[in-house]
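Structure, as structure tokens:
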């Protein structure tokens, strides 16, 4: 209990605390007001920024201000997100009266409807609903709209006919949501049923209402929606209470027939409509499905929902805080969603334009009744323009959208071609020719163009040059056609394009480049337009290109375009001067001079005299020599830089290992065994001569310090023990360069042409990477030798003809990580997510499980070396308790150490062991041959089972251990051979759980996967299948030449589950076809043999029978090589005859004797397991009365079996 003194002091303390809190609150409020003032200034300059609008709403809410002003400011400039509209509409709704769940007039106080009796306020609410529907369609808003109509009806503002007509409009919008429209319809139905009850109570005529409600149900049943059964139940209840019992059954049967087709339509889309909580609809797939067979109302509904969903996701991805950097809008996820939103709007408009009925009014339909009937229905042109107006409000930073809008406006001014059914007009009547109405459309295009420029040049828009150019070229093409038709206007067009060029060059420059369009699209369009006129203005063309070459003074493309423009107007001598002056003075500073050399050679060949060509060759020779000297110098500098960087890295690596006894290196994630690994790495590093002493001190080795034996003359230091030089089959990490900033259309051939003078190329791989500014195209170019890397680096900042992008070329050395010791459940997605935090990933490579099913490592390749080094911080991270992740910089020289591909050469198989043999016994024998890595003894409860495996650290140790063959151990002679993982012990013929034979059971648990991508990896395919079935996969084998694979599952249930999956498994963008496995596919030798004979090899069908068209020899080959089984060892072929029962082999060149022969199997056994034929599995050949096994008939086979039985019986 506090003392009296404390009690007296407590009010003072509380008063002080309250004062401090009030002061802090006042300070925070002042800071928020300051932020709000600054934010409003930014919004005035950039009214289209959603980020700023969201921050405005957040600040207004924190300050307790009325949110209507912030919402209205957003809605005036951009499409309002659905959630924002819903909040605003609910506030207006509640201001008219309290929101209730039950709209029954008998259960609510009439005083609650006072606000709803104000006609102006109610109409203002309905106008607000109309504005919301114009932006996006949203079911909760439609539901609130329907409730508002009923409140207005109850207040007497609207009558029943008004309600019905407006409800029809709402339902037309709601029906686009085939899974969510039922609630809106239920509100309408409930109101109609209440009306019917009131009419019955008042004794009025109910027939009209009954007919109307009947039509309401039947129209609903004709509409595809998810709750057809619920609607039919409602109709059943309705007719049972309003119609005579005698008509009930016929009415219900009719209704059931009506709903059959719409219900089927919904069932086909149910997989798209059903989305788990937290997931999003794959709109791309859904739209693709709808476009296969266009049903306009259905596809429009999917597009409407897609644009609303994408806009909502964009809004939710934006930050609330106004303190966030102004680059927040450039978040990669937001940019990706914005691009997807613009593409979706374009697809939506395209579908509506292509599949709407023709515009009868525009086509000149004289049918007055038809025109009067269509007054309320917008024409296809009007509908298209409305969609464009909505689209540019939703995605104002898409230049493609604005350009398409301008083209659509121009198209609306063109006359519609007369109908083919219309009577032919009088020939030669020129007065009937319709001309484009440029006068009417011109103001609209000017307004749209100015709005587009304002949106795209906004400082927060992050506009791309391509977006601005799309709009400028759309306006240019319109003006060109208008000038061609009306004449004049050339000066105005020239001013327009000159201003446009300045606007493009005023945009922020790209990374490492200059501002403006390096592809010169607007400049070339303007130049070609000037040259195409009868009186070509040479002065304007020269002025244009002089300004362009001044801005892009190092661009070979600008200088070539200048010369070609002069050539096009016949200024040959001026063009020659441009070529020669550029070659003499600028060839060394051009980004890529070779295309200029080629262009000048072609120019002189076409237009030059003998003297001109000779002079040109001299100019070209001097320029070429200068460029060659420059390239040689650049290559030397690049090589020295790369070599120094390599040496500095390994030197620092060794010093860290030595100074801290390996702790620092290990903590940094460089290696597992720091000092020993550092010694190995340094010793094996190429172009690096570092010696490591016994005590770990590093120093440069001098050539004169070593004697003939390789030791130092002075004694103190000993030469580092290194393994023999590793000759790598493939040095991927050190023979590869990255090429970024590639154009979208770049191909392998373009890169091969660019790097052809650097050395032989092994592989080119191009990948699209999603980044904050959209998709970036990046490639790797792998050479056969690392000596090609320095000259390849000289291609940095060059251009890739015929593209104009400036390339970024840098080495891929140390950009690849070797990752291992992750949990077996880890998949490609988890690895990518973990490492993507450190930088953009180029690729993740998973190993084949061809050699061992337990291989668990992968390679993560970054685009930048710095990202790979930063991600070493993940070394030692526990993905699961007790499993520390190993993250190392990949070093090809250590490949054999970290891979088990060559483990067989380091491992020996020891047989003939006694039961009492122990690991120490074996170690005592094999220690003498080399360092032992592991000894594995096969044992059971009685002891050793008679064999073991001894794995050495090196191949040399295993080879030396073969000398222990026939050595005596515990009174037994042991047998020592090299281990072979492909040879497995023959399994005992134990009954299986299914009762099938071993191979038949494997087949029953296996599926064949077709339609694989060409470069499918077994590891990634296994992960995809495991994700699809939610369980483990036993084995995967991919046949790339067939683009097929075979997957063995753990259980029969899993095999059935994957075959019957409701939706297809998508693997690397390919939808896979999954069928039951039946027959082992032929190997390469069999396929080549069949091809040489002109036949084909049957792979088998689902039921085990040969596929149509398969040759008998093909079936025999397939059967003999495995009997239709799966994963049969390569050595397994036709069983050898035993006990001397095999048929004697015919002499070379002699004909086969016609007598009883023996074969392992015939084509009649194709599709069956060996277990089904005991005589085959036991090694006893099957006799046949026919010489060729594949040509025997069923009767002959039976006869052969009878002969075999007779022989065994001694008859």
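The values are calculated or read from the model by the stated rules, or taken from the named source; none is laboratory data. Nothing here was measured: the structure is a model prediction, and the numbers come from that model. Glycine also receives a Cβ, built like all others from the backbone with ideal geometry; neighbour counts cover every protein chain displayed.
State whether one or more residues within the range 1048-1056 are out of contact with any strand residue (DSSP E or B) (no Cβ under 7 Å at 6 or more places or on another chain), exposed (fewer than 15 other Cβ atoms within 10 Å of the Cβ) and within 23 Å of residue 843 (Cβ to Cβ). No, the range 1048-1056 contains no residue that is out of contact with any strand residue (DSSP E or B) (no Cβ under 7 Å at 6 or more places or on another chain), exposed (fewer than 15 other Cβ atoms within 10 Å of the Cβ) and within 23 Å of residue 843 (Cβ to Cβ).
Flag: residue 535 does not match the condition of being surrounded by fewer than 21 Cβ atoms within 10 Å (Cβ to Cβ), assigned to a loop (DSSP other than H, G, I, E, B) and under 42 Å from the mean Cα position of the chain (by Cα). When the range 873-903 is limited to residues that are in contact with a helix residue (DSSP H, G or I) (Cβ under 6 Å, 6 or more places away or on another chain) and outside any loop (DSSP other than H, G, I, E, B), the one that is modelled with the highest pLDDT turns out to be 887. Tally the residues that are without any contact (Cβ under 8 Å) to a residue 24 or more places away in the chain and part of a helix (DSSP H, G or I), restricting the search to the range 478-497. Of the residues in that region, 7 qualify. Scanning the range 566-585 for residues that are surrounded by fewer than 18 Cβ atoms within 10 Å (Cβ to Cβ) and under 45 Å from the mean Cα position of the chain (by Cα) gives a single hit, 568.
Scanning the range 63-83 for residues that are in contact with a helix residue (DSSP H, G or I) (Cβ under 6 Å, 6 or more places away or on another chain) and closer than 24 Å to residue 32 by Cα yields 63, 67, 70, 71, 74. (1) in a helix (DSSP H, G or I); (2) free of Cβ contacts under 8 Å to residues at least 40 places away in the same chain: which one isn't true of residue 590, the others all being true? (1) is the only condition that residue 590 fails.
From 837, 826, grab the single residue that is at pLDDT below 85, out of contact with any strand residue (DSSP E or B) (no Cβ under 6 Å at 6 or more places or on another chain) and closer than 21 Å to residue 1016 by Cα.
On the way: 837 fails: closer than 21 Å to residue 1016 by Cα.
Selected residue: 826, the only one of 837, 826 that is at pLDDT below 85, out of contact with any strand residue (DSSP E or B) (no Cβ under 6 Å at 6 or more places or on another chain) and closer than 21 Å to residue 1016 by Cα.
Pairs meeting the criteria (first residue in the range 608-636 and modelled with pLDDT under 90, second residue exposed (fewer than 15 other Cβ atoms within 10 Å of the Cβ), beta carbons under 7 Å, at least 6 apart or on different chains) are 627/588; 630/588. Scoring residue 547 on the criteria (1) touching a helix residue (DSSP H, G or I) at 6+ places or on another chain (Cβ under 7 Å); (2) in a helix (DSSP H, G or I) leaves a single failure, condition (1). Taking the conditions (1) surrounded by 14 or more Cβ atoms within 10 Å (Cβ to Cβ); (2) not in a helix (DSSP H, G or I) in turn, residue 192 satisfies each one other than (2).
On the stretch given as the range 168-192, residues that are in contact with a helix residue (DSSP H, G or I) (Cβ under 7 Å, 6 or more places away or on another chain) and free of Cβ contacts under 8 Å to residues at least 24 places away in the same chain total 1.
Return the only residue of 281, 299 being free of Cβ contacts under 8 Å to residues at least 60 places away in the same chain, in contact with a helix residue (DSSP H, G or I) (Cβ under 9 Å, 6 or more places away or on another chain), more than 18 Å from residue 182 (Cα to Cα) and not in a helix (DSSP H, G or I).
281 is the lone residue from the list that is free of Cβ contacts under 8 Å to residues at least 60 places away in the same chain, in contact with a helix residue (DSSP H, G or I) (Cβ under 9 Å, 6 or more places away or on another chain), more than 18 Å from residue 182 (Cα to Cα) and not in a helix (DSSP H, G or I).
If you go through the range 930-944 and pick out every residue that is surrounded by fewer than 14 Cβ atoms within 10 Å (Cβ to Cβ), touching a residue at least 24 places away in the same chain (Cβ under 8 Å) and either within 52 Å of the chain's Cα centre (by Cα) or not in a loop (DSSP other than H, G, I, E, B) (or both), you end up with 1.
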